[in-house]
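The values are calculated or read from the model by the stated rules, or taken from the named source; none is laboratory data. This is a predicted model, so every value here is computed, not measured. Every residue, glycine among them, receives a Cβ derived from its backbone with ideal geometry; neighbour counts consider all protein chains shown.
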Amino acid sequence: MKINFARSMDHWFGIPICFVLSVFCRIKKFFIPERFEKIKPKKIMFLELSEMGSAILAYSAIKKTKEMYPQAKLYFWIFKENQDSVHILDIIPKENVIVMRSNNFSSLIIDTIKNLWRVRREKIDVLIDMELFSRFSSALSYLSGAKIRVGFHRFSAEGLYRGNLQTHKVSYNPYMHISKDFLALVNSLKANSQNVPLLKESITNSETIVPKVKSSEEVKENIFRKLKEFNGQISKESKLIVLNPGINETLPLRKWPIKNYIELSKKLLINPSVFVIIVGVESKVLGNGEVMYQEISNSRFINLIGKTSVKELICLYNISTLLISHDSGAVNLASLTEINIVVLFGPETPSLYAPLTSKKIVLYSNLACSPCITAYNHRHSQCRDNQCLKRITVEEVYKSAERYI
């Protein structure tokens, strides 16, 4: 489903649905007051549908929840195409990951009904909505039947209406890393819900972590065999540089120009020990990287776009020297390994979304208009010329890469 269509549906249908549900919720509370301070949750669900990277950055919050409520069963609700990001964390049982198709509107409606039926049968006690001002997720959290509903609330901000459906209303902080915002949602469960706004506690950098995912020798051998099908000269001594050019990027403003990736690849391949591997999701419109392959015309340039699973991608990172990418889910996946990362930020800010690894170099032009994709505009910028990325030069990226090769 196209992102602009999804935004329109969230606006035109989400606002009235959230309003009606909020009225119903208030009437219900008048007759049946909510009491939840002393509830010891047995089942806790995280709702983060649309972002693979955000699901990974939620790891600290999930881990903290397990420490706070060790006896509780944990669940995760996510779009089907992003589910591997939850599975790879190995912190929530696979059978407790509830998925929803979003490839078209009819599939979304069908799966919404099916998912709600299952969620209500599970009798979830707590639902933690990690979406940023989505009306769809706000409605889902209320319809889930959870007695405690935690989520970001707009308070006095205008234009971010998503009803009044949370029992624990947390202030979204655009000045701290998103992983800390997620931790604020979880920590609010122990706070006095009457405090406005939540959360009146500090969160330290040491609390935000991601796990390290190792690859077995067998899996590494399998990925080497796959690479040797493209070039038999590749070996464990080769320097593997992974590029994520964002062929099928859902937010095109985040992309560094393809011509820059082509020029960068040519510079990297001057070194005879370097192999450049491009990865990503195949695009029906832009193809699968063959244009780059033909333009570069080098046997040490390997096109794996659309040819790897998430598990294989993790393994590729584990055997590679460096990943170069714009801000994307691929970068957060890479943070689960020991690979070095050069990440390019433009319309979003590294202050909120930088990968949680020390082995990174962040390139950011820091223009006056950036970041222009934020929670406050539902990630919909009017920009049609992402100078914030275009001003990051090939030479600048190459010099950063040189530190590792």
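Name the residue that is farthest from MET68 (Cα to Cα), counting only residues in region 171-191 that are polar (S, T, N, Q) and touching a residue at least 12 places away in the same chain (Cβ under 8 Å).
SER171
Taking PHE76 and the conditions (1) more than 18 Å from LEU333 (Cβ to Cβ); (2) modelled with pLDDT of 95 or more, which numbered condition does it fall short on, given that it satisfies the others?
(1) is the only condition that PHE76 fails.
Check ASN195 against each of (1) modelled with pLDDT under 95; (2) crowded, with 22+ Cβ neighbours inside 10 Å; (3) outside any helix (DSSP H, G or I) and name the one condition it does not meet.
Answer for ASN195: the failing condition is (2).
Condition first: assigned to a loop (DSSP other than H, G, I, E, B), under 18 Å from the mean Cα position of the chain (by Cα) and either aliphatic (A, V, I, L, M) or not assigned by TED's automatic domain parsing to the domain that holds GLU67 (or both). Now tell me which residues in region 162-187 satisfy that.
MET176
Is there any pair linking a residue in region 329-349 that is outside the structural domain of LEU389 (by TED's automatic domain parsing) and within 18 Å of THR208 (Cβ to Cβ) to one that is in a helix (DSSP H, G or I) and of a type in the set (A, V, I, L, M), with Cβ under 9 Å and at least six apart or on different chains, and which?
none
Please specify each residue of region 79-96 satisfying the condition of being buried (at least 19 other Cβ atoms within 10 Å of the Cβ) and either assigned to a helix (DSSP H, G or I) or in contact with a Cys (Cβ under 8 Å, 6 or more places away or on another chain) (or both).
Matches in region 79-96: ASN82, ASP84, SER85, VAL86.
Taking interchain pairs and intrachain pairs at least six residues apart, which have beta carbon atoms under 7 angstrom, with the first residue in region 254-280 and under 24 Å from GLU312 (Cα atoms) and the second of a type in the set (Val, Ile, Thr) and assigned to a loop (DSSP other than H, G, I, E, B)?
Qualifying pairs under 7 Å: VAL274/ILE405; PHE275/ILE234; ILE278/ILE305; VAL279/ILE305; VAL279/THR308; GLY280/ILE247; GLY280/ILE305.
Yes or no, residue by residue, for (1) under 25 Å from ILE32 (Cα atoms); (2) in contact with a strand residue (DSSP E or B) (Cβ under 9 Å, 6 or more places away or on another chain); (3) part of a loop (DSSP other than H, G, I, E, B):
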residue	(1), (2), (3)
PHE46	no, yes, no
SER54	no, no, no
THR65	no, yes, no
LEU74	no, yes, no
TRP77	no, yes, no
ILE98	no, yes, no
SER102	no, yes, yes
VAL119	yes, yes, no
GLU131	no, yes, yes
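Which of the residues spanning region 146-161 are under 17 Å from SER188 (Cβ atoms), assigned to a loop (DSSP other than H, G, I, E, B) and of a type outside the set (A, V, I, L, M)?
LYS147, ARG154, PHE155
Please verify whether region 220-230 includes one or more residues that are surrounded by 12 or more Cβ atoms within 10 Å (Cβ to Cβ), free of Cβ contacts under 8 Å to residues at least 40 places away in the same chain and touching a helix residue (DSSP H, G or I) at 6+ places or on another chain (Cβ under 7 Å).
No, region 220-230 contains no residue that is surrounded by 12 or more Cβ atoms within 10 Å (Cβ to Cβ), free of Cβ contacts under 8 Å to residues at least 40 places away in the same chain and touching a helix residue (DSSP H, G or I) at 6+ places or on another chain (Cβ under 7 Å).
Among what's in region 282-301 and is outside any helix (DSSP H, G or I), surrounded by fewer than 18 Cβ atoms within 10 Å (Cβ to Cβ) and among the hydrophobic types (A, V, I, L, M, F, W, C), pick the residue that is modelled with the highest pLDDT.
The extreme case among them is LEU286.
Suppose we keep only residues that are surrounded by fewer than 21 Cβ atoms within 10 Å (Cβ to Cβ), farther than 10 Å from LYS220 by Cα and β-branched (Val, Ile, Thr) within region 302-321. Which one would you say is farthest from the chain's Cα centre (by Cα)?
By that ranking, first place goes to THR321.
Could you tell me which numbered condition SER216 fails, if it satisfies all but one of (1) touching a strand residue (DSSP E or B) at 6+ places or on another chain (Cβ under 6 Å); (2) modelled with pLDDT under 90?
Answer for SER216: the failing condition is (1).
Of the residues ILE247, ILE241, ILE223, which single one is at pLDDT below 90 and under 16 Å from LEU323 (Cβ atoms)?
Exactly one residue qualifies, and that residue is ILE247.
Quick one: in region 53-93, which of the residues that are among the hydroxyl-bearing types (Ser, Thr, Tyr) and under 20 Å from THR357 (Cβ atoms) is nearest to the chain's Cα centre (by Cα)?
Per the criteria, the residue is SER54.
On the given criteria, is SER22 touching a strand residue (DSSP E or B) at 6+ places or on another chain (Cβ under 9 Å), surrounded by fewer than 20 Cβ atoms within 10 Å (Cβ to Cβ) and farther than 25 Å from VAL213 by Cβ?
So SER22 does not fit the description; no.
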